[in-house]
Structures are given as structure tokens and as C-alpha cells.
1. Around residue 63, with a cut-off of 15 angstrom between Cβ atoms, what is the net charge of the other residues, counting Lys and Arg +1 and Asp and Glu -1?
2. Which trypsin sites (Lys or Arg not before Pro) from the stretch 1-78 combine a DSSP loop assignment with at most 13 other Cβ atoms within 10 Å?
3. Excluding the sites themselves, what is the longest stretch of the chain that contains no GluC sites (Glu not before Pro) in a DSSP loop with at most 11 other C-beta atoms within 10 Å?
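A short reminder: the numbers here are calculations on the coordinates, not readings from a lab. The shown structure was predicted, so the numbers you read here are calculated from the model rather than taken from an experiment. Cβ coordinates were reconstructed from backbone atoms using ideal geometry, including for glycine residues, and neighbour counts include every protein chain displayed.
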Amino acid sequence: MTKQLELKDIYLGQLIVRTEHDEAQVYTVGVISRLAIYLVWFEGTHKCGQWSDYSGSYKPTLKQIERSIAVNGRLANSLDVTGLNVI
């Protein structure tokens, strides 16, 4: 079982998953606040994002990354999260 990430271990541009299942969506951390993190991902060519509690976040496995790319398209990168204006 993978250890959950703590807030101090999370950084901008980091890839995370919200579950340990192989079918997990891989997210990129776009904003970090004291209470939540803003996650960014792609569904095809559409960039999506949402606020989420940081608890329950894990480092993705290679299998999760490969599947996420195959099913949903490219992963968000640091350029996709630079200058996000989310309030």
C-alpha cells in the first residue's frame, strides 16, 4: 500500500492520483493553499480543473500514468498550470 502524501510533500507541477486503483486519473497540482490543492488534467484536448482536499493524494505508479495517457490523452505539465487564476 502506498503512503498518502502530506501537504508538505506536495509541490506545484507534481503528478498525483486520488486513489490507488490502476484506473486512476493522473492530475497535476496547479495551486496549493493551506486547505486545498487545485488539480489540472486533460480530457482529450479539453483542460479541466477543480479544487480538492489534499488528503487522499498519492504518487502515481507507472501503470497509472500509462493508462491515464492512453484513456484521457496527455498529462498537464508545468506550462499548463503556470499563471492559473482560480479563486
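1. Local charge sum for residue 63: -2.
2. 3, 34, 74
3. Between the exposed loop sites, the longest stretch runs 24-87.
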